[in-house]
Amino acid sequence: MESGISSMAGILKEFPVEPGSLIPILQKSQKEFGFISPQVVERIAAFLKMTENEIYGVASFYSQFRFIPKGRHTITVCLGTACHVRGGAILLEALERHLEIKTGECTPDRRFDLDAVACLGCCALAPVVKIDNNIYGNMAVIKIKELLEKYE
Amino acid sequence: MKLSIDNRSAETQGPATILQVASAQGIDIPHLCSHPELAPYGGCRLCIVEVEGMRGFPTACTTPAAEGMVVRTQSKALQETRREILQLILSEHPSACLICAEADECRDFQQTIRKVSFTTGCRGCPRDEECELQKAVRTVGIEEITFPVYFRGMTPETGDPFFDRDYNLCIYCGRCVRICQEHRKSAVISLKKRGRLTTIGPAFSRSHLEADCEFCGACVSACPTGAMAEKNRKWHGSADRHQDSLCPLCSLNCEIQIAIKGNRAIGTLPPGEPGQAGGELCVKGRFCLSEWVNHPWRILLPRMRFPEGTGTVSWMEAAQKAGAMLQNSGKGKTAIYLSPFLTLEEIAAARLFFQRACVSPHFTTSVLDQKLASFFALSRKSVTVKEIEDSDLLISIFLNGNHNYAPLTLAIKRLASRGVPYLQLGWITDPTSRFAELRSMPEPGREDRLLNDIAHALSAGTGKSGEGGRIARMLKAAKAPAIILSADVLNLSSAEAALAAVARIIKRTHARLVTVHPYANMAGLLSLVPMETAGAVLRLIAHGQIDTLYLIGDIPFSSRPAVRSLICQNVFPPTDLLAADLVLPTATFSEISGSYYSPGGGRRHFQEAIPPPGSALPHEQIFARIAQAMGIEDLKFDPEALSRLIPTQARIVLPARDVAAAPAAKRTARRSKKGFMLLQERSPHSYHGVDLGTISPGLAVIAPVDTLIFNPEDTARLGIASGDTIKMKSGQAEKAFPVGVSKTIPPGLTVLRSPVQDLASAANPRPVRFSPAAVKKRKKTSPGKSHV
Ligand code: SF4
Ligand code: SF4
Ligand code: SF4
Ligand code: FES
Ligand code: FES
């Protein structure tokens with residue numbers, strides 16, 4: 001993270017100290033490091049004189065920001081109303097167990113990271129799992145293992 | 001301005017929202033997210049109204065009232081929409097009990113057992129009957145929920161001290177988040193993520209402890225539901241009544257109200273409508289007081305020591321014994337330790353009593369040393385926190401506002417966020433640090449130098465360079481600067497030099513001074529009783545010149561000193577090692593009426609709320625009983641007569657200078673490259689000689705004593721972690737301590753807090769005489785662990 005922190009100083013240099021800088025700083029940091037780490041949040045907080053909690057609250061509102069390093073493949077489980085009714089949460093749990101990580105984490109081999117969203121916009125296919133940019137509708141727990149094997 | 005609400009005319013002076021005008025008129029518009037201390041939010045939409053000439057349903061809590069406005073709050077369409085909105089809220093909140101047809105009977109008999117199978121229901125909720133959601137359901141009227149219901153299934157968070165959080169009950173009104181951000185300016189919690197995945201808490205998945213929460217409890221008071229619950233009163237149900245009082249735990253004596261159920265003080269809150277109280281208190285006033293009052297270790301009966309052991313006795317026997325001990329004590333051979341937490345009435349009674357019952361008694365209190373006396377010499381000039389609210393420059397000197405001095409830290413935070421420059425001098429990061437324009441960290445061991453530089457630059461003209469010169473220039477340029485001095489400065493060996501420098505700075509700038517200290521009514525002791533320093537009395541004891549030691553709310557020894565008899569009059573029992581001959585149980589906070597000298601020196605009164613437990617008695621009554629047993633018939637301590645003995649303004653008289661005190665230790669060397677500077681502190685969290693951490697397990701977690709606390713960078717570098725034990729070496733001295741980690745401590749410094757009662761005791765010397773002092777760490781060798 002050492003080099004990360006010094007390039008962080010470079011990012012912050014470009015912005016005035018005002019609340020409006022927060023989103024652009026977050027965007028730049030994410031572009032630079034691939035995700036928003038606790039160290040990055042700490043630096044932004046000190047720069048903008050806000051608390052880390054405020055920064056995280058704002059950042060986590062936007063699904064474009066991620067707080068864990070990316071895996072080679074990103075699994076997103078939908079927990080929107082339609083998917084929830086048809087077992088989205090059960091899918092998420094099964095994936096957590098299968099990958100031995102929690103939601104929002106990345107497997108130690110960096111193969112997969114796992115996340116949940118509120119609605120993917122294709123409720124007719126519920127329950128839905130997205131891997132990278134591919135949507136898998138009508139998912140079921142028994143299909144998980146086979147599906148993951150497609151991704152290396 | 002005049003308007004009409006539900007065909008009734010309403011009037012308001014100055015700007016107000018429709019909701020405020022309506023509630024002033026007694027018109028109840030259902031609302032959930034609005035809170036008197038917070039800016040209008042418009043989140044829950046329950047407060048919708050109709051306003052003639054406005055389209056749709058504006059929310060009453062965000063719409064300003066205007067001249068000639070015609071408002072309707074109860075139309076059919078409104079009620080219909082409110083029912084829809086409330087149903088939406090309830091579709092994500094366990095609601096079986098809220099819409100149950102048998103709810104009314106169930107409150108009395110709980111006969112509806114069938115609900116147990118799928119919900120715990122309202123009867124198991126800590127906010128039952130005080131919940132604003134229940135109230136809203138009752139006013140709006142809901143029989144069923146037509147939306148699909150959703151249970152979030154989140155694990156309740158119970159790992160932090162003082163309060164638990166069950167976000168399954170949360171309605172996302174945001175009141176907790178807003179009170180923490182807007183009102184307390186702490187911003188420890190945020191709304192995280194969005195939609196169905198919304199959660200509330202600190203950054204990432206940190207606990208409140210990890211996020212340096214102040215545990216002020218403002219969020220808990222602000223929550224309209226049972227989502228946030230105080231651990232201590234979770235199962236007490238709602239309070240029967242509230243009694244206004246004053247917090248006795250520091251010099252600020254915050255206004256509080258005591259929540260009472262039956263004869264128990266179940267909690268303490270800031271003033272205001274109990275469900276809507278703001279957040280002006282610190283953790284001690286908000287959470288620790290009820291733990292203190294209700295603690296199972298309290299002494300309930302007088303106890304006496306007999307040759308074969310100790311046993312309880314009647315008040316009659318106890319008073320006779322105490323009287324005999326005082327009578328058998330020679331002239332000038334009785335020493336009385338008085339707690340600085342006593343009320344003015346208790347202090348006046350003690351003085352009256354002992355001057356009649358003994359010949360030339362010595363009065364002292366264990367924390368009163370020369371440094372504290374100098375601090376009080378300066379404190380005579382102190383103004384109140386309110387009086388600095390028009391300042392244009394704030395400088396705090398060695399203020400550690402962590403878990404302390406809430407009204408002061410709030411004032412600093414609020415002023416600074418309005419743009420008033422704030423400078424913080426000292427090492428410890430506290431809630432005000434984020435607002436400091438400049439943080440100055442003097443070199444440990446040379447800390448008086450910066451203050452002297454400032455004082456010098458003020459008299460030598462503006463040309464001075466360096467930090468001192470810069471601060472002096474700011475002070476000169478300011479019209480109404482304020483200096484905030486905390487008793488934390490007394491932890492420095494150079495305290496007297498620092499205090500002298502502050503006095504010079506004030507003289508040269510006419511800055512206003514606010515002092516704060518943890519010895520609530522010390523001004524009362526110094527005003528009403530001829531005090532001596534603790535050191536002077538300690539030497540009398542060491543030279544065998546004291547027969548009888550009478551400890552009143554003060555426990556300065558951890559083992560028995562060489563005296564013939566020892567009486568301990570307190571709320572909690574002293575350690576067995578003290579071998580007290582007589583232990584007398586006293587009433588305490590919430591059980592007594594009285595008054596304190598408050599900051600600024602004025603006298604403020606408070607009333608008792610509940611009776612004391614067991615046979616505990618107020619101090620005045622104990623003195624009266626002993627006086628009677630001694631045959632001093634006329635000492636009755638009539639409250640009115642006592643009150644007349646107390647001036648309305650404090651008049652602080654300092655103890656004689658303790659000339660025989662050991663000369664200040666020599667300054668130690670600067671720290672070596674790998675070493676640390678050790679700052680030894682007297683814990684500011686005590687009450688009547690008892691370390692509050694022993695009474696409040698939560699306080700022991702957030703403010704540990706006898707622990708070496710380091711910055712996380714240092715622990716990472718040393719390869720040690722919280723909970724390890726390490727040895728600390730300074731010169732020849734070596735001692736082992738557990739390790740703690742906190743970001744409030746700067747790298748290179750380590751802080752060791754001692755519980756207050758150990759300090760005066762010769763048996764428990766501080767590990768190093770000088771503070772801060774250079775020390776080295778040695779990791780304790782335990783199997784499998786290597787030397788550092
Ligand atoms: S206890 Fe106080 S500081 Fe902590 S989260 Fe609640 S309001 Fe914020
Ligand atoms: S925890 Fe309480 S105060 Fe905070 S958002 Fe939820 S219901 Fe509102
Ligand atoms: S700041 Fe002082 S008076 Fe106020 S609640 Fe805390 S300890 Fe009590
Ligand atoms: S609810 Fe899952 S895609 Fe909309
Ligand atoms: S009280 Fe007005 S919107 Fe919530």
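General observations
- Residue that is nearest to the other protein chains (Cβ to nearest Cβ) [pool: residues in the stretch A:35-66 that are assigned to a loop (DSSP other than H, G, I, E, B) and of a type in the set (A, V, I, L, M, F, W, C)]: A:Met50
- Residue match in the stretch B:92-107 (condition: of a type in the set (S, T, N, Q), within 15 Å of ligand 2 (Cβ to nearest atom) and closer than 24 Å to B:Ile171 by Cα): yes
- A:Arg72 being touching a Lys or Arg at 6+ places or on another chain (Cβ under 6 Å) and of a type in the set (Lys, Arg): yes
- Conditions (1) within 16 Å of ligand 1 (Cβ to nearest atom); (2) on the phi > 0 side of the Ramachandran plot: number failed by B:Ala211: (2)
- The criterion of at least 3 residues that are within 8 Å of chain A (Cβ to nearest Cβ) is met by the following strands (runs of 3 or more DSSP E) wholly inside the stretch B:136-210: B:190-192.
- Take the conditions (1) of a type in the set (D, E, K, R); (2) surrounded by 18 or more Cβ atoms within 10 Å (Cβ to Cβ); (3) more than 9 Å from chain B (Cβ to nearest Cβ); A:Glu93 misses just one of them, which is (2).
- Filter pass, B:Pro15 being under 22 Å from B:Gly272 (Cβ atoms) and more than 12 Å from ligand 5 (Cβ to nearest atom): yes
- Here B:Ala229 passes the criteria (1) within 16 Å of ligand 5 (Cβ to nearest atom); (2) in a strand (DSSP E or B) except the one numbered (1).
- Subset of the stretch B:706-721 that is within 25 Å of the chain's Cα centre (by Cα) and of a type outside the set (Val, Ile, Thr) - its residue that is nearest to B:Thr744 (Cα to Cα): B:Asn711
- B:Gly740 vs. criteria assigned to a strand (DSSP E or B), assigned by TED's automatic domain parsing to the domain that holds B:Ala774, modelled with pLDDT of 90 or more and within 22 Å of B:Glu210 (Cα to Cα): yes
- Residues that are in a helix (DSSP H, G or I), in contact with an Asp or Glu (Cβ under 9 Å, 6 or more places away or on another chain) and within 20 Å of B:Val359 (Cα to Cα) within the stretch B:525-538 comprise B:Ala534, B:Ala536, listed in sequence order.
- Odd one out for B:Phe557, checked against (1) closer than 21 Å to B:Ser683 by Cα; (2) surrounded by fewer than 24 Cβ atoms within 10 Å (Cβ to Cβ): (2)
- Taking every residue in the stretch B:216-236 that is within 14 Å of chain A (Cβ to nearest Cβ) and closer than 14 Å to B:Pro274 by Cα and pairing it with any residue that is outside any helix (DSSP H, G or I) and within 13 Å of ligand 1 (Cβ to nearest atom), at least 6 positions away or on another chain, the pairs with Cβ-Cβ distances below 7 Å are B:Cys219/B:Ile189; B:Cys219/B:Met228.
- Among (1) under 23 Å from B:Gly201 (Cβ atoms); (2) facing chain B (nearest Cβ under 10 Å) - the single one A:Thr81 does not satisfy: (1)
- Residue check, B:Asp240 surrounded by fewer than 17 Cβ atoms within 10 Å (Cβ to Cβ), away from ligand 5 (no atom under 16 Å from the Cβ) and more than 14 Å from chain A (Cβ to nearest Cβ): yes
Residue by residue, here is whether (1) without any contact (Cβ under 8 Å) to a residue 24 or more places away in the chain; (2) under 16 Å from the mean Cα position of the chain (by Cα); (3) away from ligand 5 (no atom under 16 Å from the Cβ) holds:
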residue	(1), (2), (3)
A:Ala46	yes, no, yes
A:Ser60	yes, yes, yes
A:Ser63	no, yes, yes
A:Val128	no, no, yes
A:Asp132	no, yes, yes
A:Ile142	yes, no, yes
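- Of the strands (runs of 3 or more DSSP E) that lie entirely inside the stretch B:411-524, those containing 2 or more residues that are of a type in the set (A, V, I, L, M) span B:422-425, B:481-486, B:512-516.
- Matching entry among B:Leu549, B:Leu584, B:Leu566, B:Leu577 (being outside any strand (DSSP E or B) and over 25 Å from the mean Cα position of the chain (by Cα)): B:Leu577
- Subset tally (residues that are surrounded by 16 or more Cβ atoms within 10 Å (Cβ to Cβ) and modelled with pLDDT under 90) for the stretch B:636-660: 1
- Test: residue in the stretch A:103-110 that is within 24 Å of B:Arg206 (Cα to Cα) and either within 10 Å of another protein chain (Cβ to nearest Cβ) or within 16 Å of ligand 1 (Cβ to nearest atom) (or both): yes
- Residues within the stretch B:19-45 that are within 16 Å of ligand 2 (Cβ to nearest atom), surrounded by fewer than 23 Cβ atoms within 10 Å (Cβ to Cβ) and hydroxyl-bearing (Ser, Thr, Tyr), tallied: 1
The values are calculated or read from the model by the stated rules, or taken from the named source; none is laboratory data. Because the structure is a prediction, the values reported are computed rather than measured. Note that we place each Cβ from the backbone using ideal geometry, even for glycine, and neighbour counts take in every protein chain shown.
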